[in-house]
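Below: the structure, in structure tokens.
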Amino acid sequence: ICVLLLVAGMETSINLVGNGILALLDHPDQLELLRHQPKLAGPAIEEILRYDTPTQFTMRVALTDTTIGDRHFHRGDGVIVLMGSADRDTEVFTEPDRLDVTRYAPIGRSPRHLGFSLGAHYCLGAPLARLEASTAIRTLLQRAPGLRLATNEPLSYQPSIIHRGLTSLPVELTPDAA
Ligand code: HEM
């Protein structure tokens, strides 16, 4: 159980913070909005989970013959659920490719995302992950108002199809805004 908690909770949380900071650096207007309204940290984390989710897919096994949309599954079939794709669904989200830190403000207003999955296996650590990520990002923005990307080189991602996260995110933590 301890190993499961460590594996399920560490890489994912690291990637949420890294993906989130990168998304904000790519959207300076959203970064400034969040910096000036720290109470948006909670909704911003929900948006980051939707926009660039650390866990891209999960798997299920059909317990009975069933049909979802136009797909038929037999009992025992494996199903791969692309949560990262579902969270960019144009039929569910307005302008899904746009990062909008107010999309979930107040929390619960907009359609749910699948960043923590759904149903019986919904992430056990979701409240902890939300607290960790919102504290980390809010504190970083407060302490480093001049936060900026410290490289012009393309960023690289971990060689994983399930986890989406950077191998590193070089930033400058200048205390004063430029
Ligand atoms: C940003 C951080 C996190 C993300 C994106 C995340 C994502 C997920 C997802 C998508 C699932 C569901 C997998 C499925 O449906 O098959 C899951 C399950 C789980 N998560 Fe997280 N997780 C995060 C943080 C954590 C933390 C901090 C912990 C524990 C301290 C944790 C513990 C677990 C456990 C134990 C499960 C399995 C639950 C079950 O199978 O019933 N997670 N997580």
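The values are calculated or read from the model by the stated rules, or taken from the named source; none is laboratory data. Quick caveat: nothing in here was measured; it's all calculated off a predicted structure. Every residue, glycine as well, gets a Cβ built from its backbone with ideal geometry; the counts of neighbours run over all protein chains shown. Areas reflect the complete protein model, heavy atoms only, side chains present, ligands, DNA and RNA absent. Shrake-Rupley method; radii C 1.70, N 1.55, O 1.52, S 1.80 Å.
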(message) Show me, for region 70-80, the HN-Hα J-couplings you get by feeding each phi into the Karplus relation (A = 6.51, B = -1.76, C = 1.60, θ = phi - 60°), rounded to Hz, glycine and proline as x.
(response) 9, 10, 10, 10, 9, 3, x, 5, x, 10, 9
(message) Sort Arg71, Arg103, Arg138 by heavy-atom solvent-accessible area, probe 1.4 angstrom, most to least.
(response) Arg71, Arg138, Arg103
(request) Compute, for Arg148, the solvent-accessible surface of its heavy atoms (probe 1.4 Å) with the complete set of protein chains present, and express it in square angstrom to the nearest 10. (result) 90 Å²
(request) Would you grab the residues whose amide H sits under 5 Å from the one on Val171? Only those 5+ places off in sequence or on another chain, please, with H modelled 1.01 Å from N. (result) Ala150
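Which helices count as membrane-span-like in the chain under these terms: full DSSP H, at least 20 Å along the axis by C-alpha, Kyte-Doolittle mean of 1.0 or more? Don't skip to the end; give the middle numbers.
Working: long enough: 2-26 (36 Å, 1.58); 126-143 (25 Å, 0.14).
Membrane-span-like by this rule: 2-26.
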(request) Take the alpha carbon gyration tensor of region 1-100, find the square roots of its eigenvalues, order them as a ≥ b ≥ c, and report rounded if a/c is under 1.5; if not, report prolate when a/b exceeds b/c, else oblate. (result) oblate
(message) If I build a Gaussian network model for the chain, linking alpha-carbon pairs within less than 10 angstrom, which residue out of Leu25, Leu141, Leu155 has the largest mean-square fluctuation?
(response) Leu155
(message) Skipping prolines and chain starts, which residues have an amide H placed within reach, meaning under 5 Å, of the one on Thr58, given they are 5 or more residues away or on another chain?
(response) Val81, Met83
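If you take every residue apart from Arg103 with its C-beta less than 10 Å away from the C-beta of Arg103, what net charge results, scoring Lys and Arg +1 and Asp and Glu -1? Walk me through the intermediate numbers first.
On the way: positive: Arg50, Arg98, Arg109; negative: Glu46, Glu47, Glu95, Asp100.
Computed value for this residue: -1.
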(request) Choose one of Val7, Thr67, Thr94: the residue whose Cα lies farthest towards the positive end of the charge dipole of region 1-130 (beta-carbon charges +1 Lys, Arg; -1 Asp, Glu; about the Cα centre). (result) Val7
(request) Might you work out the accessible area of Glu32 for me, using a 1.4 Å probe with all protein chains in place, and round it to the nearest 10 Å²? (result) 70 Å²
(request) Treating the Cα atoms of region 67-178 as identical point scatterers in vacuum, please give the log10 of the normalised Debye intensity I(q)/I(0) at q = 0.11, 0.21 Å⁻¹, two decimals. (result) -0.57, -1.49
(request) Tabulate in residue order the Karplus-calculated ³J(HN,Hα) for region 152-157, using 6.51 cos²θ - 1.76 cosθ + 1.60 with θ = phi - 60°, rounded to whole Hz; enter x for Gly and Pro. (result) 9, 6, x, 7, 10, 10
(request) With a 1.4 Å probe and every protein chain left in place, work out the accessible area per residue of region 60-141 in Å², rounded to a whole number. (result) 67 Å²
(message) Using a Gaussian network model on the chain with a 10 Å cutoff between Cα atoms, which of His113, His121, His36 fluctuates the most?
(response) His121
(request) Count the net charge of all other residues whose Cβ sits under 14 Å from the Cβ of Ile45, scoring Lys and Arg as +1 and Asp and Glu as -1. (result) 0
(request) Summarise the accessible area of the chain (1.4 Å probe, protein heavy atoms) by the percent that is carbon and sulfur. (result) 61 percent
